[in-house]
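K.L.:
One structure coming up, written as structure tokens, with questions to follow.
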2 protein chains.
Amino acid sequence: MADSKIAIIGTGLIGASVGLNLMARKDRQYEVVGIDRSRQNARAAKEMGAVDRTVRYLDEGVEGASMIVLAVPASAAEELLAAMEPHVSPGTIITDTCSTKSSFMRKAEEVFGNNVSVIGGHPMAGSERSGPSAASVDLFKGAAWAITPSAVARESSVRVVIGLIESAGAVPIYIDPAEHDEIVAAVSHVPLLLSVALFKLVRDSACWEDAEQLAGPGFRDMTRLVMGDPEMATGIVSTNRPAILSWLRRYQGELDTIIEALEISDEETERLAEGIELPKDGEESAGATADALIGSLFDRARLERFVFDDRIVGRQVPKDGAETPRAGDVMAQMFIGAYLYGRLKEQLNRGEQREKEAALRRGEPPKR
Amino acid sequence: MADSKIAIIGTGLIGASVGLNLMARKDRQYEVVGIDRSRQNARAAKEMGAVDRTVRYLDEGVEGASMIVLAVPASAAEELLAAMEPHVSPGTIITDTCSTKSSFMRKAEEVFGNNVSVIGGHPMAGSERSGPSAASVDLFKGAAWAITPSAVARESSVRVVIGLIESAGAVPIYIDPAEHDEIVAAVSHVPLLLSVALFKLVRDSACWEDAEQLAGPGFRDMTRLVMGDPEMATGIVSTNRPAILSWLRRYQGELDTIIEALEISDEETERLAEGIELPKDGEESAGATADALIGSLFDRARLERFVFDDRIVGRQVPKDGAETPRAGDVMAQMFIGAYLYGRLKEQLNRGEQREKEAALRRGEPPKR
């Protein structure tokens, strides 16, 4: 029936959404096979048309696959690499959707050496709902999708993964695994922990019964991440601890600054209320300075946040992402990233350039 | 033309949205007058039909008004109370939409004594956009709207404000001003500060250029509050410092717990990597315990957060909020909160009961 086979391991929110995009391709000459240790998830994915068929065992699923998409939590992905290795044929393309990349890429290179092209991937999209029932063909539209090809990955294979990403309407971002993990710790993992801490604080407080009544959209947004897949959450923490720790400590520093400013104003407010130490005319009070500090903090952050928002809204999916792929086997069919590949190379070079500059600023000798 | 007049002072996001709801009332026998120190805001509110007309000066605006709605930042509201006092006729209803209530109510009682009914209000709704252009007749639908009547406020006046709230599709919550400020510090003010701290941390970091590329919906939600009205933000901080400080310090405590757990696992991971101190079979390692701790933290928070979500979605607007008000003068016309008033009294009593219990737990002697 089909020239080739794509295996999706893990048919939850992300895996099933990838499947829906693969199944939606016109004139596709590949079949999509789903594997999930939860038979319920696998069945649901099949029923919603996210896969052509499901198989129960890993070996059966990956044997003869031209491409394998690992859409499972980071913790599980590494064990699966070793388990599938005997059944993966040389030249196969392996990609994943894990939230961390360094340890996955290390493990993948250790397991597969030069035999297969491992191209790590991380779509920066999700939902507080998990499982295939939450999957959508639009989940990745306009989202960034980090890719981390192994040193030995073939260019043609990288282009195939780029084709997959573009056809899902996402924007591929070429990045080094360590740099990726450092950044997602800041934009994804730490926000998740902050969200959990805020919800726990208020939920466990004596005034929860009233807080629950009064909580508005702000509190809901700031605690929405708590509803994400907990297995993914713990997977993140167990595979990206050092980066998360370093950002969390710096975050505590930001809070210290705010707290100190509030303490100054607060003490002074109390003293003024008691009629002590009224500032002389024209003399600026410490409290006023602290308020000004917080005011300017808000103003600057607000401006920059609007700039950021405009950039995101302005982020467009490359035109050729929409093109109907040309016929041929699955590889050729997804072979639509040619000019983009060049663009990504440039990104990589810019990245290296920035890294060089940063290293120099840190006073480190330039690397060869 | 109209039997009476309602003055909205401040025709920004909230004021104009209140206006749109007042203007939407069928057979209304009142006119809505808007005042804003920004003539542009006032003009915009008039053009979008949020007010019948605008006046330039406060005295002209409040003179002869049956109800005055103060929709300005907390910091500005208190000055306005004093400024309008000579022009407010006895029996007028004054309500506001400020984010903090204690200091506003104190000031209002000081300025007006027994002459007018001051019923503080705080709709728990908003948007990252500010100004009348962001206003909507639906802004308050399903939202909680805290009300804090002064001790001398007449029941009939309280019912009028309840009518205003219900006709906007919101749910009135009867609460003590100090309790309100304590709670909004947790569900609104601290989340805002956490949001600013997170955005500043990442924005000012060396990897912003890449972070901006990779940031997904999670980061956007967790920093969305940064785009709110900065004047409101600073107003909050200047009128609710002690409560904010106390919650922020407790929040840091929550982060400390998470950081400590991560540090334990991290150290152990490193030691294991170096082949040192491998835990004996069957003996649980400190790292495993820490991971389990974080895992259970996630699981519990997640469960509770879903429960919370269901409650919010389930929150229904009282049926009578939709009823067409009966004819008569503006007061009678908005006189639609009879049974609700009783319900709110119960809320208040429950609140007092909880407060008594809390005080007893703190070992304080019961108040008279």
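The values are calculated or read from the model by the stated rules, or taken from the named source; none is laboratory data. Every value quoted in this text rests on a predicted model; they were computed, and no experiment measured them. Positions of Cβ are generated from backbone atoms using ideal geometry, with glycine treated the same way; all protein chains shown enter the neighbour counts. Keep in mind that these areas ignore ligands, DNA and RNA; they rest on the heavy atoms of the full protein, side chains included. Shrake-Rupley method; radii C 1.70, N 1.55, O 1.52, S 1.80 Å.
K.L.:
Debye calculation, C-alpha points only, no solvent: report log10 I(q)/I(0) for segment A:1-56 at q = 0.16 Å⁻¹, in the same order as the q values.
P.N.:
Relative scattering, expressed as log10 I(q)/I(0), comes to -0.38.
K.L.:
Out of B:HIS122, B:SER136, B:ILE93, whose Cα points farthest toward the positive end of the dipole of segment B:4-176 (charges: +1 Lys, Arg; -1 Asp, Glu; placed on Cβ)?
P.N.:
With unit charges placed on the Cβ atoms, the residue in question is B:SER136.
K.L.:
So, one more: Would you calculate the convex hull of the Cα atoms in segment B:182-295 and tell me its volume per residue in Å³?
P.N.:
Numbers: hull volume 17.4 nm³, N = 114.
Value for segment B:182-295: 153 Å³ per residue.
K.L.:
Further question: Working from the pairwise distances between different alpha carbons, so that the mean of 1/r is found and then inverted, what is segment A:4-176's Kirkwood radius in Å?
P.N.:
Values: mean 1/r = 0.0645 Å⁻¹.
Across segment A:4-176, the inverse of the average 1/r is 15.5 Å.
K.L.:
Once you put a point 7 Å from the Cα of B:GLU110 and another 7 Å from the Cα of A:LYS141, both along the Cβ direction, what distance in nm separates them?
P.N.:
Between B:GLU110 and A:LYS141, the label points sit 5.5 nm apart.
K.L.:
Please name whichever of A:ALA211, A:ALA292, A:SER265 sits farthest to the positive end of the charge dipole of segment A:182-295, dipole taken about the Cα centre and charges placed at Cβ: Lys and Arg +1, Asp and Glu -1.
P.N.:
Checked the options; the winner is A:ALA211.
K.L.:
One decimal, nm, shortest first: give the distances between the label point of A:SER89 and those of the same position in the other copies, each label point 7 Å from Cα along Cα→Cβ.
P.N.:
Those separations, rounded to one decimal, come out as 9.1 nm.
K.L.:
Roughly to the nearest percent, how much of the accessible area of segment B:182-295 is carbon and sulfur, given a 1.4 Å probe? Kindly include the intermediate steps, with their values, before the conclusion.
P.N.:
Details: 2270 of 4340 Å².
After summing per-atom areas, the C and S share lands at 52 percent.
K.L.:
Shortest first and in nm with one decimal, please list how far the A:ARG129 label point sits from its counterparts in the other copies (point 7 Å along Cα→Cβ).
P.N.:
Here A:ARG129 shows inter-copy label distances of 2.6 nm.
K.L.:
For segment A:48-117 and segment B:195-259, what is the separation of their Cα centres, given in Å?
P.N.:
Each part reduced to its Cα centre gives a spacing of 38 Å.
K.L.:
With the label 7 angstrom out along Cα to Cβ, how close does A:GLY64 come to the same site in each of the other copies, in nm, nearest first?
P.N.:
Nearest to farthest, the other copies are at 8.9 nm.
K.L.:
Assuming a viscosity of 1.567 mPa s and a temperature of 4 °C, what translational diffusion coefficient in µm² per second does Stokes-Einstein assign to segment B:25-110, Rh being the Kirkwood radius over Cα pairs? All intermediate terms of the calculation are to be shown ahead of the outcome.
P.N.:
Working: Rh = 13.7 Å.
Estimated diffusion coefficient is 94 µm²/s.
K.L.:
Leaving ligands, DNA and RNA out of it, work out the accessible area of A:GLU110 with a 1.4 Å probe and give it in Å² to the nearest 10.
P.N.:
Answer for A:GLU110: close to 130 Å² accessible.
K.L.:
Do the alpha carbons of any pairs in A:LYS26/A:LYS101; B:LYS26/B:LYS141; A:LYS101/A:LYS200; B:LYS26/B:LYS46; A:LYS200/B:LYS200; A:LYS26/A:LYS141 sit beyond 25 Å of each other, and which pairs? Don't jump to the answer; show the numbers that get you there.
P.N.:
Working: A:LYS26/A:LYS101 31 Å; B:LYS26/B:LYS141 18 Å; A:LYS101/A:LYS200 29 Å; B:LYS26/B:LYS46 19 Å; A:LYS200/B:LYS200 23 Å; A:LYS26/A:LYS141 18 Å.
With Cα atoms farther than 25 Å apart: A:LYS26/A:LYS101; A:LYS101/A:LYS200.
K.L.:
For the rotation that superimposes chain B on chain A, which residue of B has the C-beta lying nearest to the axis, and at what distance in Å?
P.N.:
With distances in whole Å, chain B gives B:ASP221, 2.
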